[in-house]
Amino acid sequence: DDPFFAAKNADHFPQVCATGAGYPHANGIYKLVGTQYGAGRYSNGICLLYKFDAEWFISVGYNKNKTDRWDLVQKYRCKSNSDHPPSDGWKTTGSISGDTCPTFAVLLNLKKRKL
């Protein structure tokens, strides 16, 4: 793993902010932690935001057996071929059906410039 991956790829995979999710831990700023299938893989510290095939997911990881293997519980999904998280169109999964879904906004990457 490259500890500078996010810094090197911030222009192509900007941070995103989720708001309005009924599952409160899904809200917040998602930072780039890697890539998967040519798309960014993000985390807000609790949830993972990632693409698998032609769908994006927001999932929570947990370690029920206290082993090295973590299981993911999908909370939201959105069909999209985009390499970036879709701003809207999210749906709940069976684990929290009926909750409100998040919307996403891209956070601008402002670089320091010499004056």
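The values are calculated or read from the model by the stated rules, or taken from the named source; none is laboratory data. Since the structure is predicted, the reported quantities are computational estimates derived from the model, not experimental observations. All Cβ positions, glycine included, derive from the backbone under ideal geometry; neighbour counts span all protein chains shown. Heads up: the accessible areas ignore ligands, DNA and RNA and are worked out on the full protein's heavy atoms, side chains in. Shrake-Rupley method; radii C 1.70, N 1.55, O 1.52, S 1.80 Å.
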Candidates LYS91, LYS79 - the one that is charged (D, E, K, R) and either surrounded by 12 or more Cβ atoms within 10 Å (Cβ to Cβ) or at pLDDT below 90 (or both): LYS79
Single unsatisfied condition, ILE46 versus (1) over 21 Å from LYS8 (Cβ atoms); (2) at pLDDT below 85; (3) aliphatic (A, V, I, L, M): (2)
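Okay, residues lined up against (1) basic (Lys, Arg); (2) open to solvent by 40 Å² or more (accessible area, probe 1.4 Å):
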{"residue": "ALA18", "(1), (2)": "no, no"}
{"residue": "LYS31", "(1), (2)": "yes, yes"}
{"residue": "GLY40", "(1), (2)": "no, no"}
{"residue": "LYS51", "(1), (2)": "yes, no"}
